[in-house]
1. Using amide H atoms built in the peptide plane, which far-off residues or other-chain residues are under 5 Å from residue 147 H to H?
2. Modelled label-to-label distance, residue 41 and residue 157, 7 Å Cα→beta-carbon offset: nm?
3. Grab the DSSP H runs of the chain that are 4 residues or longer, score each as -39,500 (n - 2.57), total them, divide by all residues and round the 222 nm result to the nearest 500 deg cm²/dmol.
4. Of the heavy-atom accessible surface of the range 46-176 (probe 1.4 angstrom), what whole percent is carbon and sulfur?
5. Using a 1.4 Å probe, how large is the accessible area of residue 72, given in Å² and rounded to the nearest 10?
6. Taking 0.36 nm per residue of sequence separation and subtracting the Cα-Cα distance, how much length would be gained by fully extending the chain between residue 168 and residue 193, in nm to one decimal?
7. Amide H to amide H under 5 Å from residue 59: which residues, 5+ apart in sequence or cross-chain, H placed 1.01 Å off N in plane?
8. So, for the chain, what is the accessible surface per residue at a probe of 1.4 Å, expressed in square angstrom?
Amino acid sequence: EAKSNGKNRYQFYDKKMTELAFERTTLESNLRKAIQNEEFEVYFQPKIDARVDKVIGLEALIRWNHPELGLIPPVKFIPFAENIGLIIEIDRWMMREAAAQVLLWKKENIVCGKLSINVSAKQLEDDNYVEFLSQKINDIGIDPKDLEIEITEGLIMKHSLHVTSTLNAIRELGISISVDDFGTGYSSLSYLKRLPIDKLKIDRSFVKDLPHDKDDIAIVKTIIALANNLSLELIAEGVETKEQRDFLLSEGCHNIQGYFYSKPLKVNECREFLLNYM
Ligand code: C2E
Ligand code: MG
Ligand code: MG
Ligand code: MG
(Lines give C-alpha, C1' and ligand atoms only; values in the text may rest on other atoms or scores of the structure.)
(Ligands and ions follow the chains in the order given, each with its own letter.)
Protein backbone atom coordinates (compact mmCIF):
# COMPACT_ATOMS: atom_id res chain seq x y z
CA GLU A 1 0.00 0.00 0.00
CA ALA A 2 2.69 2.41 1.06
CA LYS A 3 4.51 1.63 -2.12
CA SER A 4 1.59 2.37 -4.38
CA ASN A 5 0.86 5.56 -2.45
CA GLY A 6 4.45 6.57 -2.96
CA LYS A 7 4.18 5.83 -6.62
CA ASN A 8 1.00 7.80 -6.98
CA ARG A 9 2.59 10.69 -5.22
CA TYR A 10 5.59 10.47 -7.50
CA GLN A 11 3.38 10.50 -10.55
CA PHE A 12 1.47 13.43 -9.17
CA TYR A 13 4.70 15.31 -8.58
CA ASP A 14 6.04 14.40 -11.97
CA LYS A 15 2.92 15.65 -13.68
CA LYS A 16 2.95 18.89 -11.70
CA MET A 17 6.57 19.50 -12.56
CA THR A 18 6.01 18.90 -16.23
CA GLU A 19 3.12 21.31 -16.18
CA LEU A 20 5.27 23.84 -14.38
CA ALA A 21 8.10 23.50 -16.88
CA PHE A 22 5.59 23.83 -19.67
CA GLU A 23 4.18 26.89 -18.00
CA ARG A 24 7.55 28.56 -17.57
CA THR A 25 8.59 28.44 -21.19
CA THR A 26 5.18 29.24 -22.60
CA LEU A 27 4.40 31.82 -19.93
CA GLU A 28 7.27 34.00 -21.05
CA SER A 29 6.33 34.02 -24.73
CA ASN A 30 2.65 34.35 -23.86
CA LEU A 31 3.37 37.32 -21.61
CA ARG A 32 5.44 38.98 -24.28
CA LYS A 33 2.57 38.72 -26.73
CA ALA A 34 -0.11 39.73 -24.25
CA ILE A 35 0.40 43.47 -24.55
CA GLN A 36 0.23 43.54 -28.37
CA ASN A 37 -2.73 41.16 -28.34
CA GLU A 38 -4.55 43.40 -25.87
CA GLU A 39 -5.04 40.57 -23.39
CA PHE A 40 -4.53 42.76 -20.33
CA GLU A 41 -7.41 44.56 -18.74
CA VAL A 42 -7.56 47.26 -16.09
CA TYR A 43 -9.91 46.71 -13.18
CA PHE A 44 -10.62 49.52 -10.73
CA GLN A 45 -11.36 49.18 -7.04
CA PRO A 46 -13.02 52.20 -5.39
CA LYS A 47 -11.66 53.76 -2.20
CA ILE A 48 -14.31 55.31 0.00
CA ASP A 49 -14.31 58.00 2.69
CA ALA A 50 -16.62 56.16 5.08
CA ARG A 51 -17.51 59.34 7.00
CA VAL A 52 -19.38 60.78 4.04
CA ASP A 53 -19.73 57.73 1.82
CA LYS A 54 -17.88 59.32 -1.10
CA VAL A 55 -15.36 57.94 -3.56
CA ILE A 56 -11.91 59.38 -2.90
CA GLY A 57 -9.98 57.30 -5.36
CA LEU A 58 -9.57 54.22 -7.52
CA GLU A 59 -6.84 51.61 -7.44
CA ALA A 60 -5.96 50.19 -10.84
CA LEU A 61 -5.44 46.42 -10.70
CA ILE A 62 -4.31 44.42 -13.70
CA ARG A 63 -6.00 41.27 -15.02
CA TRP A 64 -4.81 38.98 -17.78
CA ASN A 65 -7.45 37.47 -20.03
CA HIS A 66 -5.55 34.58 -21.52
CA PRO A 67 -7.26 33.22 -24.69
CA GLU A 68 -7.03 29.61 -23.44
CA LEU A 69 -6.42 29.80 -19.73
CA GLY A 70 -9.02 32.44 -18.96
CA LEU A 71 -8.66 35.14 -16.34
CA ILE A 72 -5.25 35.02 -14.64
CA PRO A 73 -4.82 37.03 -11.41
CA PRO A 74 -1.72 39.22 -10.96
CA VAL A 75 -0.10 37.01 -8.29
CA LYS A 76 0.23 34.33 -10.98
CA PHE A 77 2.24 36.47 -13.40
CA ILE A 78 3.47 39.72 -11.84
CA PRO A 79 6.34 38.08 -9.87
CA PHE A 80 7.34 36.21 -13.02
CA ALA A 81 7.13 39.39 -15.11
CA GLU A 82 9.37 41.07 -12.53
CA ASN A 83 11.94 38.28 -12.84
CA ILE A 84 12.18 38.53 -16.60
CA GLY A 85 12.04 42.34 -16.63
CA LEU A 86 8.78 42.51 -18.55
CA ILE A 87 7.09 44.24 -15.64
CA ILE A 88 8.37 47.61 -16.83
CA GLU A 89 6.43 47.34 -20.06
CA ILE A 90 3.35 45.97 -18.26
CA ASP A 91 3.34 48.69 -15.61
CA ARG A 92 3.74 51.36 -18.28
CA TRP A 93 0.82 49.93 -20.20
CA MET A 94 -1.22 50.01 -16.97
CA MET A 95 -0.32 53.59 -16.24
CA ARG A 96 -1.32 54.79 -19.73
CA GLU A 97 -4.49 52.75 -19.87
CA ALA A 98 -5.73 53.57 -16.37
CA ALA A 99 -4.90 57.26 -16.59
CA ALA A 100 -6.60 57.60 -19.97
CA GLN A 101 -9.74 55.96 -18.59
CA VAL A 102 -9.85 58.13 -15.49
CA LEU A 103 -9.41 61.21 -17.64
CA LEU A 104 -12.41 60.18 -19.74
CA TRP A 105 -14.50 59.91 -16.57
CA LYS A 106 -13.28 63.28 -15.37
CA LYS A 107 -14.31 64.80 -18.69
CA GLU A 108 -17.78 63.35 -18.09
CA ASN A 109 -17.70 65.02 -14.67
CA ILE A 110 -17.80 61.65 -12.98
CA VAL A 111 -16.20 61.93 -9.55
CA CYS A 112 -13.46 59.34 -9.18
CA GLY A 113 -10.82 61.02 -7.01
CA LYS A 114 -7.20 59.99 -7.22
CA LEU A 115 -5.95 57.19 -9.43
CA SER A 116 -3.58 54.79 -7.66
CA ILE A 117 -1.13 52.72 -9.65
CA ASN A 118 0.95 49.86 -8.26
CA VAL A 119 4.58 50.30 -9.16
CA SER A 120 7.03 47.44 -8.97
CA ALA A 121 10.59 47.72 -7.62
CA LYS A 122 11.97 47.06 -11.10
CA GLN A 123 10.10 50.06 -12.43
CA LEU A 124 11.38 52.41 -9.74
CA GLU A 125 14.94 51.19 -10.30
CA ASP A 126 14.66 52.07 -13.97
CA ASP A 127 16.52 55.32 -14.64
CA ASN A 128 14.00 56.40 -17.25
CA TYR A 129 10.92 56.01 -15.07
CA VAL A 130 10.59 59.61 -13.90
CA GLU A 131 10.99 60.87 -17.45
CA PHE A 132 8.37 58.36 -18.64
CA LEU A 133 5.98 59.55 -15.93
CA SER A 134 6.35 63.23 -16.67
CA GLN A 135 5.99 62.62 -20.40
CA LYS A 136 2.86 60.50 -19.94
CA ILE A 137 1.27 63.06 -17.65
CA ASN A 138 1.73 65.62 -20.41
CA ASP A 139 0.64 63.31 -23.25
CA ILE A 140 -2.46 62.08 -21.47
CA GLY A 141 -3.19 65.44 -19.91
CA ILE A 142 -3.93 64.12 -16.44
CA ASP A 143 -3.31 66.41 -13.47
CA PRO A 144 -0.45 64.88 -11.41
CA LYS A 145 -2.45 65.78 -8.29
CA ASP A 146 -4.95 63.15 -9.44
CA LEU A 147 -2.24 60.52 -9.47
CA GLU A 148 -0.76 58.37 -6.72
CA ILE A 149 1.70 55.50 -6.83
CA GLU A 150 1.62 52.56 -4.43
CA ILE A 151 4.94 51.05 -3.47
CA THR A 152 5.69 48.28 -0.98
CA GLU A 153 7.92 48.51 2.08
CA GLY A 154 10.17 45.74 0.84
CA LEU A 155 11.07 47.90 -2.11
CA ILE A 156 11.86 50.90 0.06
CA MET A 157 14.31 48.95 2.17
CA LYS A 158 16.09 47.19 -0.65
CA HIS A 159 17.24 50.11 -2.72
CA SER A 160 17.21 53.09 -0.44
CA LEU A 161 19.65 55.43 -2.21
CA HIS A 162 18.30 55.28 -5.73
CA VAL A 163 14.75 55.01 -4.47
CA THR A 164 15.13 58.18 -2.42
CA SER A 165 16.05 60.34 -5.40
CA THR A 166 13.45 58.71 -7.64
CA LEU A 167 10.68 59.20 -5.08
CA ASN A 168 11.72 62.81 -4.55
CA ALA A 169 11.55 63.39 -8.29
CA ILE A 170 8.11 61.75 -8.50
CA ARG A 171 6.90 63.91 -5.64
CA GLU A 172 8.26 66.99 -7.42
CA LEU A 173 6.09 66.10 -10.40
CA GLY A 174 3.13 66.49 -8.02
CA ILE A 175 2.31 62.78 -7.76
CA SER A 176 1.67 61.43 -4.27
CA ILE A 177 3.24 58.33 -2.80
CA SER A 178 1.51 55.65 -0.77
CA VAL A 179 3.13 52.76 1.14
CA ASP A 180 1.22 49.61 0.20
CA ASP A 181 0.88 46.62 2.54
CA PHE A 182 2.16 48.81 5.38
CA GLY A 183 3.45 46.86 8.37
CA THR A 184 4.43 43.70 6.48
CA GLY A 185 7.88 44.73 5.26
CA TYR A 186 9.94 44.16 8.44
CA SER A 187 11.40 47.57 7.89
CA SER A 188 12.64 50.28 10.18
CA LEU A 189 10.31 53.24 10.49
CA SER A 190 13.09 55.71 9.80
CA TYR A 191 12.24 55.80 6.10
CA LEU A 192 9.04 57.63 6.99
CA LYS A 193 11.26 60.56 7.98
CA ARG A 194 13.66 60.20 5.09
CA LEU A 195 11.30 59.65 2.17
CA PRO A 196 8.53 61.81 0.72
CA ILE A 197 5.69 59.51 1.81
CA ASP A 198 2.12 60.86 1.77
CA LYS A 199 0.03 57.90 2.79
CA LEU A 200 0.09 54.55 4.60
CA LYS A 201 -2.05 51.68 3.48
CA ILE A 202 -2.81 49.28 6.35
CA ASP A 203 -2.29 45.75 5.07
CA ARG A 204 -5.21 43.38 4.74
CA SER A 205 -3.58 40.87 7.11
CA PHE A 206 -4.12 43.29 10.04
CA VAL A 207 -7.71 44.00 9.00
CA LYS A 208 -8.85 40.42 8.45
CA ASP A 209 -9.51 39.54 12.10
CA LEU A 210 -10.76 42.93 13.27
CA PRO A 211 -12.41 43.71 15.61
CA HIS A 212 -11.77 40.42 17.45
CA ASP A 213 -8.03 39.79 17.48
CA LYS A 214 -6.30 41.71 20.30
CA ASP A 215 -2.95 41.88 18.51
CA ASP A 216 -4.48 43.19 15.30
CA ILE A 217 -6.44 45.78 17.28
CA ALA A 218 -3.21 46.94 18.92
CA ILE A 219 -1.31 47.04 15.62
CA VAL A 220 -4.03 48.94 13.79
CA LYS A 221 -4.43 51.48 16.60
CA THR A 222 -0.67 51.99 16.59
CA ILE A 223 -0.55 52.55 12.82
CA ILE A 224 -3.42 55.04 13.09
CA ALA A 225 -1.59 56.94 15.86
CA LEU A 226 1.63 56.85 13.84
CA ALA A 227 -0.09 58.27 10.76
CA ASN A 228 -1.78 61.00 12.81
CA ASN A 229 1.42 61.99 14.58
CA LEU A 230 3.39 62.14 11.33
CA SER A 231 0.55 63.88 9.46
CA LEU A 232 0.30 61.05 6.96
CA GLU A 233 -2.87 60.10 5.17
CA LEU A 234 -4.21 56.66 5.92
CA ILE A 235 -6.30 53.97 4.26
CA ALA A 236 -7.19 50.41 5.21
CA GLU A 237 -7.30 47.68 2.56
CA GLY A 238 -9.12 44.36 2.54
CA VAL A 239 -12.13 45.62 4.49
CA GLU A 240 -14.84 43.01 3.95
CA THR A 241 -17.37 43.48 6.75
CA LYS A 242 -19.40 46.25 8.31
CA GLU A 243 -17.83 45.36 11.67
CA GLN A 244 -14.35 45.98 10.28
CA ARG A 245 -15.42 49.23 8.66
CA ASP A 246 -17.14 50.49 11.81
CA PHE A 247 -14.15 49.62 13.97
CA LEU A 248 -11.72 51.42 11.67
CA LEU A 249 -13.99 54.43 11.38
CA SER A 250 -14.42 54.70 15.15
CA GLU A 251 -10.65 54.49 15.61
CA GLY A 252 -10.08 57.30 13.13
CA CYS A 253 -9.23 55.48 9.90
CA HIS A 254 -12.00 56.69 7.62
CA ASN A 255 -10.56 55.81 4.23
CA ILE A 256 -11.63 52.31 3.34
CA GLN A 257 -10.96 49.94 0.46
CA GLY A 258 -12.28 46.41 0.21
CA TYR A 259 -15.05 44.04 -0.75
CA PHE A 260 -17.36 45.65 1.81
CA TYR A 261 -17.75 48.54 -0.63
CA SER A 262 -16.71 46.89 -3.85
CA LYS A 263 -14.55 44.28 -5.50
CA PRO A 264 -12.23 45.44 -8.28
CA LEU A 265 -14.55 46.30 -11.19
CA LYS A 266 -14.42 46.26 -14.96
CA VAL A 267 -14.52 49.68 -16.62
CA ASN A 268 -18.26 49.64 -17.29
CA GLU A 269 -19.12 48.33 -13.85
CA CYS A 270 -16.91 50.93 -12.26
CA ARG A 271 -18.60 53.72 -14.20
CA GLU A 272 -21.97 52.53 -12.85
CA PHE A 273 -20.56 52.37 -9.33
CA LEU A 274 -19.17 55.89 -9.58
CA LEU A 275 -22.43 57.28 -10.92
CA ASN A 276 -24.33 55.69 -8.01
CA TYR A 277 -21.98 57.30 -5.53
CA MET A 278 -22.32 60.86 -6.78
P1 C2E B 1 -2.29 45.17 -3.70
O2 C2E B 1 -1.76 46.36 -4.42
O3 C2E B 1 -2.06 45.10 -2.23
O4 C2E B 1 -3.82 45.10 -4.08
C5 C2E B 1 -4.83 44.66 -3.23
C6 C2E B 1 -5.25 43.24 -3.55
O7 C2E B 1 -6.25 42.84 -2.60
C8 C2E B 1 -5.92 43.09 -4.91
O9 C2E B 1 -5.63 41.78 -5.38
C10 C2E B 1 -7.40 43.20 -4.57
O11 C2E B 1 -8.24 42.58 -5.52
C12 C2E B 1 -7.44 42.49 -3.27
N13 C2E B 1 -8.54 42.92 -2.42
C14 C2E B 1 -9.11 44.14 -2.35
N15 C2E B 1 -10.08 44.20 -1.43
C16 C2E B 1 -10.12 42.97 -0.86
C17 C2E B 1 -10.92 42.39 0.19
O18 C2E B 1 -11.79 43.03 0.80
N19 C2E B 1 -10.67 41.09 0.49
C20 C2E B 1 -9.74 40.35 -0.13
N21 C2E B 1 -9.57 39.08 0.23
N22 C2E B 1 -8.96 40.87 -1.13
C23 C2E B 1 -9.15 42.16 -1.48
P24 C2E B 1 -5.18 41.55 -6.87
O25 C2E B 1 -5.97 42.44 -7.80
O26 C2E B 1 -5.21 40.08 -7.12
O27 C2E B 1 -3.69 42.07 -6.88
C28 C2E B 1 -2.70 41.43 -6.11
C29 C2E B 1 -1.43 42.22 -6.12
O30 C2E B 1 -0.85 42.25 -7.42
C31 C2E B 1 -1.61 43.68 -5.73
O32 C2E B 1 -1.66 43.81 -4.34
C33 C2E B 1 -0.37 44.30 -6.34
O34 C2E B 1 0.73 44.13 -5.48
C35 C2E B 1 -0.16 43.45 -7.58
N36 C2E B 1 -0.64 44.17 -8.77
C37 C2E B 1 -1.90 44.29 -9.25
N38 C2E B 1 -1.92 45.03 -10.38
C39 C2E B 1 -0.64 45.43 -10.60
C40 C2E B 1 0.01 46.23 -11.62
O41 C2E B 1 -0.59 46.77 -12.55
N42 C2E B 1 1.37 46.39 -11.49
C43 C2E B 1 2.09 45.81 -10.46
N44 C2E B 1 3.41 46.02 -10.42
N45 C2E B 1 1.51 45.08 -9.52
C46 C2E B 1 0.17 44.88 -9.58
MG1 MG C 1 -1.87 48.32 -4.16
MG1 MG D 1 -2.03 46.43 -0.79
MG1 MG E 1 -1.91 43.76 0.44
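1. 115, 176
2. 3.7
3. When only DSSP H runs of four or more count, the value is -16000 deg cm²/dmol.
4. 51
5. 20
6. Answer, rounded to one decimal: 7.7 nm.
7. Here 45, 47, 116 satisfy the definition.
8. The answer is 53 Å² per residue.
The values are calculated or read from the model by the stated rules, or taken from the named source; none is laboratory data. From a predicted model like this one, the values you see are computed outputs, not experimental measurements. So basically every Cβ, Gly included, is an ideal-geometry build from the backbone, and we count neighbours across all protein chains shown. These area figures cover heavy atoms from the full protein model, side chains too; ligands, DNA and RNA do not enter into them. Shrake-Rupley method; radii C 1.70, N 1.55, O 1.52, S 1.80 Å.
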